[in-house]
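> Starting off with a structure, shown below.
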Amino acid sequence: MKQKLVFLTGAGMSAESGISTFRDSGGLWEQYPVEAVASIQGYERDPELVQKFYNERRQQLSSVQPNEGHKLVASLEDKFNVTVITQNVDNLHERAGSHNIIHLHGELMKATSSRHPNDPNCIVTLPDDNPIIRMGDKAKDGSQLRPFIVWFGESVPMIEPAIEEVAKADILVVIGTSLNVYPAAGLLNYANEHCKIYLIDPKDVPYSPTLGIHHIMKGASEGMKELVELLKN
Ligand code: OAD
């Protein structure tokens, strides 16, 4: 039987594709106040600004490509039973060929109801050639369409399936997340005692030394190349 390999990815996974991280110097939250564009209060205060922000993010997404790191994550499906848990709202893991993906913080290419954002009947995929939400566009329940993004102040419904996956992992690989945002950052604590944990990040990331993490201090692509070699042994 294949070993279970679970990835937990963050913004650093997509950095080499040209998508800014959030908290690095020059990151997105330096350019836009996080509470204005990524909180439910911000959306209620100024929905036009928030729609514009995510419309721009979607347009940027159509101009970038998965990087070598995304591709190597997908390639490991040959030898392992792989699940990708991502905090990223881009679709670069999908486009690189990964099949089992849990999006903890929503998906940029989807839109949903402002009234019931987690109602599956209201979630729609935006067209690739014009992925724009306009004020006045309506969800199935008649409310304004909004980005299908989990904002600060909202619940994270996908955390439960993510916990189940991490708890079953033989190998957990954390890539490109500053582990600042909960509940995602708490997922490491659900790894079982036999699980081997790797971290790929060019910088130091705060984690408990008791987890015995093997830190590959490299970017996502170079780090994934090293991991692939390590997993051969
Ligand atoms: P952060 O911006 O907080 O952290 C990015 C991490 O990626 C840092 O640890 C960097 O050192 C690392 N990094 C930078 N370049 C890298 C590279 N080339 N390869 C690998 N790692 C690299 O992003 P997240 O931890 O993903 O949520 O942020 C978590 C959540 O906070 C996001 O999902 C978003 C944000 O607010 C929402 O918008 C709801």
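> To make sure I understand, if each residue's beta carbon is the centre and we count other beta carbons within 10 Å, what order do W29, W151 fall in, fewest to most?
So the ranking, lowest neighbour count to highest, is W29, W151.
> Neighbouring Cβ atoms within 10 Å as the yardstick, rank M13, M224 fewest first.
With the sparsest Cβ surroundings first, the list reads M224, M13.
> If you rank R57, R23, R45 by fewest surrounding Cβ atoms within 10 Å, what's the result?
Listing R57, R23, R45 from fewest to most nearby Cβ atoms yields R45, R23, R57.
> What lysines could a cross-link reach from K52, if we take a straight Cα to Cα line under 23 Å and drop same-chain neighbours fewer than 8 places away?
Once the sequence-local lysines are set aside, what remains near K52 is K110, K138, K140.
> Another question about this same structure. What angle, in degrees between 0 and 90 and rounded to the nearest 10, separates the Cα long axis of helix 220-232 from the longest principal axis of the Cα atoms of the chain?
40
> Looking at the range 14-120 from every direction and averaging, what is the projected area of its Cα convex hull in nm²?
Computed as one quarter of the Cα hull surface, the answer is 7.5 nm².
> Here is a further query. Based on DSSP, what percent of beta bridges with both residues in the chain are antiparallel, to the nearest 5?
Roughly 25 percent of the beta bridges in the chain run antiparallel, per DSSP.
> I'd like to know which of Q59, T83, S208 lies farthest towards the positive end of the charge dipole of the chain, counting +1 on Cβ of Lys and Arg and -1 on Cβ of Asp and Glu.
Result: T83, furthest along the dipole toward the positive end.
> Can you give me the pair-distance distribution of the chain, C-alpha pairs, 10 Å bins, whole percents?
Histogram of Cα-Cα distances, whole percents per bin: 8, 33, 36, 19, 5, 0.
> On to the next question. Using only Cα atoms, locate the centre of the range 4-44 and the centre of the range 156-220, then give the distance between them in Å, rounded to an integer.
17
> Taking K203 as the anchor, which lysines have their alpha carbon closer than 17 Å to its alpha carbon, excluding any fewer than eight residues away along the same chain?
Partners found: K218.
> May I pose another question? Connecting C-alpha atoms closer than 10 Å in a GNM of the chain, tell me which of S25, S39, S98 has the biggest fluctuation.
Ranking S25, S39, S98 by mean-square fluctuation puts S25 first.
> Taking springs between alpha-carbon atoms closer than 10 angstrom, which of H70, H194, H103 fluctuates most in the Gaussian network model of the chain?
Among H70, H194, H103, the largest mean-square fluctuation in the Gaussian network model of the chain belongs to H194.
> With +1 on each Lys and Arg Cβ and -1 on each Asp and Glu Cβ, and nothing else charged, work out how big the dipole of the chain is about its Cα centre, in Debye to the nearest 20.
Dipole of the chain, to the nearest 20 debye: 220 debye.
> A further question follows. Considering the alpha-carbon set of the range 99-199 alone, what are its Rg and its Dmax in angstrom?
Using the Cα atoms of the range 99-199, the pair Rg, Dmax is 16.4, 52 Å.
> Still on this structure, please answer the following. Which residue, P157, P206, P66, has the most motion in a Gaussian network model of the chain that connects Cα atoms within less than 10 Å?
P206
> Give me the Kirkwood hydrodynamic radius of the range 118-164, using the inverse of the mean 1/r over all pairs of distinct Cα atoms, in Å to one decimal.
One decimal place: 12.6 Å for the Kirkwood radius.
> Right, here's the next one. Would you mind checking the tilt of helix 47-61 against the longest principal axis of the Cα atoms of the chain, expressed as 0 to 90 degrees and rounded to 10?
Once rounded, one gets 50 degrees.
> Once both axes come from the Cα atoms, what is the angle between helix 159-168 and the longest principal axis of the chain, in degrees from 0 to 90, rounded to 10?
Taking Cα atoms only, the helix is inclined about 10 degrees.
Coordinate-derived values only; no laboratory data. Being a predicted model, the structure only gives us computed values, none of them experimental. Every residue, glycine among them, receives a Cβ derived from its backbone with ideal geometry; neighbour counts consider all protein chains shown.
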